[in-house]
Structure formats: structure tokens, C-alpha cells
Amino acid sequence: MTISGTRAYRPGLVDLASGQISREIFVSEDIYAQEQECVFARSWLFVGHESQIPNPGDFFVSRMGEESVILCRSRAGNVHVFLNSCRHRGMKVCRYDDGNTVVFTCPYHGWSYSTDGALVGVPYFREAYRTELDRSKMGLIEVAQLYSYKGSIWASWDPAAPPFLEYLGEFRRFLDLILDGWDGREGQAELLGGVQKWIIPCNWKFPAENFSGDTYHNISHRSVDLVGAGPSGRSRRDYSELNVARKLHVALPDRGHQTITYVLPKDHEPQPAYQNSPEVAEYFRHCEEERRKRPGINGRMIGAPGEIFPNTALLPRQPRTLAVWHPVSAHQTEVWRFFFVDRDAPRVVKNFLRDYYIRYSGPAGMTEQDDMENWSYAHAASRGVIARRHPYTYQMGMGHAVENYEWDGLKLPGRVIDLTRAVASEEPMRNLYHRWAQFMEANSWDELMTWRNQANAPGNAQAAQ
Amino acid sequence: MSDLINVRDLAVGRRLLLANGAEVEIVSNPQDGVWLFVRYCSSPPDPATVGEEEMIFAQDIIEVRP
């Protein structure tokens, strides 16, 4: 497979009919450059959490794609996301990770911006500029769209992108598993400690596809299972209820989001967990009971790794984190991992989870180390001229996904593969690259909002409402 | 020892003489080493600004009043 212009993604580079994807999409610097425009400048991207900026003047320097952005709460209390680049000569106006400020002052020539982005200070405005500069047009560049969902903050540079909840579609219920409290109350998550950041020598799509739902690579983590890093001292995690749950891949083709999820039978009772700490075990037993009393389907679902297109990974349970795969180059990815706990959890629970999270995830986490080794070596071994002639295969489970899946009274959206016996499939990866190719080929969001076209089709308008 | 004024060291309430002859009082210091929020106490070049608050640039300060 070779690149022949920008329209060669399907079926040339991403051939889902045969289940083959060219290594070029991982190692080509031309494709990487095009991704910045076609994928990252269009998508909704996760930038942070409101618990990071609780007070007026608080800021957190985040990233959107390759670019540095400032997430801040203005003195008036409103949340903003700005490009971290001075309008005069482009210098970063904020070089700290986080803090509280009245103004962002560029260290190069001294232009200064208030926390609502307005240009408020221009050295020698009267003398050098003779008051002729229109400061009202020179504020910090602000994202086109911003949305705070249960405390998580998302932004897009594209004014034509659909609203965030429409972009998320029915994947919302899976994101809720991270952002709601363990007991099911809405939006109870808070960030635990700082954000872990590190660089991996691989393309950003290696971790993105892995977190889309790669259950096939569990052999890589066997050493962690043997050590018993999990919260009950057994295995990696503490999932005894999985013995009675259905294990599923769920993929939303028109959105590009996908995940592993587990569905419990009706009337399932909480199982013992966290036996290494009686206080922690009691907290989660109570939460599990409360969760089951609440209306809705999430009381029966157990979150597992998933991916919100393009580069935000969720792991709702054990450890409870969001990760962002920031592209640095075709060959480097900067990972930012955010850890969450219930805001109202006792201190002993938060401390217990902190220890477990660090043991599991992040640059020092045992499981993440396994993954990083796989991704970095796979990337390096795919860059050579011979390697690039041979595509990867994504054939596992082709043709076995179903729509309108239902089990024991619980319905799930999208395309579903039951892994309870099959163990693994590559439906989530095919879904990710199908959507990725659509983004790379589309001229605008009009071509990407296929669900709106379907809703507008004759006979479907009423159903869409 | 430099004679330059380190604006980060200046507390709220200090009075400053500016290059244009105006005297101002600090109302807030953002600690960025570049700007100060001040109120005009006197302003020979533009008396109408007395009482107004403004951001001033570090290089416009010529003296910190005792």
C-alpha cells in the first residue's frame, strides 16, 4: 500500500474490507502533519477538570494536539481555554504548569492579558504605537467551543463541530462511569494530585488503539498479575464480579468512540473487594449498594478501557483515570494521565487509591510500563523500508459485531461483540481507524456528521426527534 | 548592586514616580515582574487621570517614593 494523495485513506491505507491497515499511518511524517489539521483541529479534546481551577484566577496549562493552551477561570468566574501564544510574536504567555494569576504577561516584549483573554497591557502603547493599535482585536486566541461536562472540560477549535454532547453521542454513559461517584451520584469525581506527564517514542495511535479495547494483549501483563498489584492483592485488578458478567466490545461507528464494558446480571449483589484494607472495602461495599439503588442502567455496567475519538482514553475503574495521547511528532507521544477519586471519599480511601494508581499506571506503573514497551518497540520496528511494505492485520472478529444488542433486559448502543467466550476482537480498532480515515478524507464537519444526514433522510426525521 | 527597581518587591500602597512625572500608588501587584496595577495620585501631564486605576509598565517607573 502506498500513499497516492490525500484521498487514499480508504481503501488504500485503511482497508477495513480485508482488515489491513498500512504502517504508513503510524510512521509517515506527511500523514502526521495532515492529522494535525484534519483530526486535532476539528475534534473535541479533553483539556482538564474543573477541580483543577476552583477559584477565580486559577489556571492549568494544558494541550490540544501539539499546541499549548491555558485553561483558566477568569476573575469573573468563567472558564476559558486560550492558545498559549502571544499575539505579538508568539511567545508563550504562561510557562508554569498551574497557579493563580491576575494577568498572563509575555516575557518577550511585555504584552499582558487578563484572565478573560483581553489584551490589557501594551508597553509604550501611547509612545510607540501612538494609541493606534486596536487592543480589542488582539486578545488571546480562544477556542471556538468549550463545554464542561460533569466537571470535565472539553474544547474544540472548530466552530462547525457539533456540540460536545452530540459529538459524544451514546458514549456518554461510559464517560459517566468515570465522572459520576462510585455510588452513582452525578459528577462526584475530583482530580487526585497532579497530572503525570511523560513521553513515549511511538505514534499516538498505538496507545489510542490499545485503549480502544485491546483485550488480546493481556499476556503482556502476566508479570503484573503474578506480582498481585491489584487492590485485593491478587492479579492486576479486583474484578471478582466479572465471573458472572457479560464482557463486551461496544463501538459507535458514526462517532469513533469505543470501549470494553462489562454488564452484570439483574439483581446482582456486590462482591467482596479491597480485602487488604477493611475501611476501603467497607467504603466500596456501601457505594456498590447505593449504585444499584439508583435508576438507570449504569448500576449494572462496569467500566473498562475505552477511547473517545481521537486521543482521550478512559479507564473508569481500577485505576480510575483519563489519559490524553498528545501528538508530539510522528514518532513521539506525550502522555498526560489524570487520576480521579470520589470527592467525598474518606482520606484513607483516597490514599489507598493513590498508592494503587501509581503502582498500576503512569511512567512508573507496572502495567503502563508493559504497554509502553510494546508500543515503542512496535513503532521502531515499523519504520524501516521493508517493514513499511507490510500492513498490520485487524481481522479478528470481522463480521461478528451485532447491532441492537440486548442482554438480560439491558440494551447497548452501536456495534457490539460479545467477548464472554470469544475473549477478544479487533472491532474497536477497526472502528477507530474507520473514523480516523473519515476525518482525514473529509473537507468539513458536514461530511462527518453522518447521523444528521440519516436523521434528515425521508422517513427518519420523526424518529430522530 | 543594580539600581533597577524589581517590581516584584513592591508592596501594595507604595508610591512611585513615573517617567511622565505622574505619581501613583500601587493597588495590586501580579508578581509577573513586568506590570503593576496603580491609582494615579497626581498627573501633571493629564490631571484628569487622578484617581483612575491603570496598569503601568516596569520600565516607566523611575523612583520608588520613600
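The values are calculated or read from the model by the stated rules, or taken from the named source; none is laboratory data. Because the structure is a prediction, the values reported are computed rather than measured. Note that we place each Cβ from the backbone using ideal geometry, even for glycine, and neighbour counts take in every protein chain shown.
Of note:
- Check on A:Gly399, buried (at least 21 other Cβ atoms within 10 Å of the Cβ) and in the same structural domain as A:Val263 (by TED's automatic domain parsing): no
- Test: residue in region A:194-215 that is over 22 Å from A:Tyr377 (Cβ atoms), among the aliphatic types (A, V, I, L, M), crowded, with 16+ Cβ neighbours inside 10 Å and out of contact with any helix residue (DSSP H, G or I) (no Cβ under 6 Å at 6 or more places or on another chain): yes
- Residue in region A:46-67 that is within 14 Å of chain B (Cβ to nearest Cβ), touching a His at 6+ places or on another chain (Cβ under 7 Å) and buried (at least 20 other Cβ atoms within 10 Å of the Cβ) present: no
- Pick from region A:108-142, criterion of a type in the set (S, T, N, Q) and farther than 11 Å from A:Cys86 by Cα, ranking: farthest from the other protein chains (Cβ to nearest Cβ): A:Ser136
- Residue count for region A:161-172, restricted to those that are among the charged types (D, E, K, R) and either buried (at least 20 other Cβ atoms within 10 Å of the Cβ) or assigned to a loop (DSSP other than H, G, I, E, B) (or both): 0.
- A:Val103 vs. criteria buried (at least 20 other Cβ atoms within 10 Å of the Cβ), under 19 Å from A:Val61 (Cβ atoms), in contact (Cβ under 8 Å) with a residue 60 or more places away in the chain and aliphatic (A, V, I, L, M): no
- Residue in region A:84-105 that is modelled with pLDDT of 95 or more, assigned to a strand (DSSP E or B), over 20 Å from B:Ile56 (Cα atoms) and away from chain B (no Cβ under 12 Å) present: yes
- Of the residues making up region A:303-317, none is more than 15 Å from the chain's Cα centre (by Cα) and either among the acidic types (Asp, Glu) or assigned by TED's automatic domain parsing to the domain that holds A:Leu242 (or both).
- Enumeration of residues in region A:345-360 that are assigned to a loop (DSSP other than H, G, I, E, B) and of a type outside the set (Gly, Ala, Ser): A:Pro346
- The set of residues in region A:6-53 that are assigned to a strand (DSSP E or B) and closer than 30 Å to A:Asn100 by Cα comprises A:Leu45, A:Phe46, A:Val47, A:Gly48, A:His49.
- Residue match in region A:74-82 (condition: of a type in the set (Ser, Thr, Tyr), under 26 Å from the mean Cα position of the chain (by Cα) and over 24 Å from A:Phe40 (Cα atoms)): yes
- Long-range neighbours under 6 Å by Cβ, at least six apart or interchain, first residue over 18 Å from A:Phe309 (Cβ atoms) within region A:407-436, second of a type in the set (Lys, Arg): A:Trp407/A:Arg246; A:Asp408/A:Lys266; A:Leu410/A:Arg300; A:Leu419/A:Lys247; A:Thr420/A:Arg246; A:Thr420/A:Lys247
- Sole residue being loosely packed, with under 13 Cβ neighbours inside 10 Å and closer than 22 Å to A:Asp180 by Cβ, chosen from A:Asp238, A:Asp267: A:Asp267
- For region A:418-431, the criterion of being surrounded by fewer than 16 Cβ atoms within 10 Å (Cβ to Cβ) and in a strand (DSSP E or B) is satisfied by no residue at all.
- Only one of the numbered conditions (1) in a helix (DSSP H, G or I); (2) surrounded by fewer than 18 Cβ atoms within 10 Å (Cβ to Cβ) is not met by A:Pro363, and that is (1).
- Number of residues in region A:177-193 that are touching a strand residue (DSSP E or B) at 6+ places or on another chain (Cβ under 8 Å) and either part of a loop (DSSP other than H, G, I, E, B) or among the charged types (D, E, K, R) (or both) equals 8.
- Filter result for B:Glu23 (under 21 Å from A:Gly110 (Cα atoms), of a type outside the set (Gly, Ala, Ser), surrounded by 13 or more Cβ atoms within 10 Å (Cβ to Cβ) and touching a Phe, Trp or Tyr at 6+ places or on another chain (Cβ under 9 Å)): no
- Comparison of A:Ala161, A:Ala144, A:Ala155 shows that the only residue that is closer than 15 Å to A:Val61 by Cα and either assigned by TED's automatic domain parsing to the domain that holds A:His257 or within 26 Å of the chain's Cα centre (by Cα) (or both) is A:Ala155.
- Matching residues, region B:16-54, being part of a strand (DSSP E or B), more than 11 Å from the chain's Cα centre (by Cα) and within 14 Å of chain A (Cβ to nearest Cβ): none
- Selection count where residues are within 12 Å of A:Leu119 (Cβ to Cβ) and either outside any loop (DSSP other than H, G, I, E, B) or of a type in the set (Ser, Thr, Tyr) (or both), scope region A:132-160: 3
- Residue match in region A:262-272 (condition: in contact with an Asp or Glu (Cβ under 6 Å, 6 or more places away or on another chain) and under 24 Å from A:Val324 (Cα atoms)): no
- Strands (runs of 3 or more DSSP E) completely within region A:263-332 that count 3 or more residues being farther than 28 Å from A:Gly228 by Cα: A:321-329
- Residue in region A:288-307 that is in contact with a His (Cβ under 8 Å, 6 or more places away or on another chain), surrounded by fewer than 24 Cβ atoms within 10 Å (Cβ to Cβ) and within 29 Å of A:Lys197 (Cβ to Cβ) present: no
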